Every structure is written in C-alpha cells, then in structure tokens.
Amino acid sequence: MGIGMQEMLIILLVVLVLFGAKKLPEIGGGLGRAIRNFKKATSEPDEIDITPKAEAKKTESGEKNS
C-alpha cells in the first residue's frame, strides 16, 4: 500500500501550484539538508563530554592529593 506513480504526480502538481516553480529547488535543498542532519544526529553518540582536557587533569590530580 505504498505511494504509486499517480499519487506522486498529483502531490508534485499540488506542490508546484502552491509554491511555484521558483521555490521548488529551495524546498528540495532544505529537505535534503534536513534529512542529512537527521542522519548525522542519529549516528552521533548520545553524550558529548565538554570538559576541557586541562581542567579534567587538574581536577583528577587535585582529588588524588586531597
């Protein structure tokens, strides 16, 4: 029950009428960037360590000496 060729053509025609031929490349580019960013976000690790390396070493050595 996927979308067939006739349905795709009807959707494309409606989008063309609503936005015009000049806006279609902008819409396509934006959609492509959105998909690319989504794929990138799903492949990245969940947590990012933002602790600077120098401070992390000072904190570790300071805790051991205390």
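The values are calculated or read from the model by the stated rules, or taken from the named source; none is laboratory data. Nothing here was measured: the structure is a model prediction, and the numbers come from that model. The protein model used for the area step is the full one, side chains on, heavy atoms only, and it has no ligands, DNA or RNA in it. Shrake-Rupley method; radii C 1.70, N 1.55, O 1.52, S 1.80 Å.
Remark: the range 1-55 carries 99 Å² of accessible area per residue (probe radius 1.4 Å; ligands, DNA and RNA excluded).
Subtracting the Cα-Cα distance of ASP49 and ILE3 from 0.36 nm times their residue separation leaves 12.3 nm of extension gain.
Shown in residue order for the range 36-43 are the 3J(HN,Hα) couplings computed by the Karplus curve 6.51 cos²θ - 1.76 cosθ + 1.60 at θ = phi - 60°: 4, 5, 5, 4, 5, 5, 6, 8 Hz (x for Gly and Pro).
Each residue of the range 15-23 was assigned a 3J(HN,Hα) from its phi angle through the Karplus expression (A = 6.51, B = -1.76, C = 1.60, θ = phi - 60°), giving 5, 4, 5, 5, 9, x, 5, 6, 8 Hz with x at Gly and Pro.
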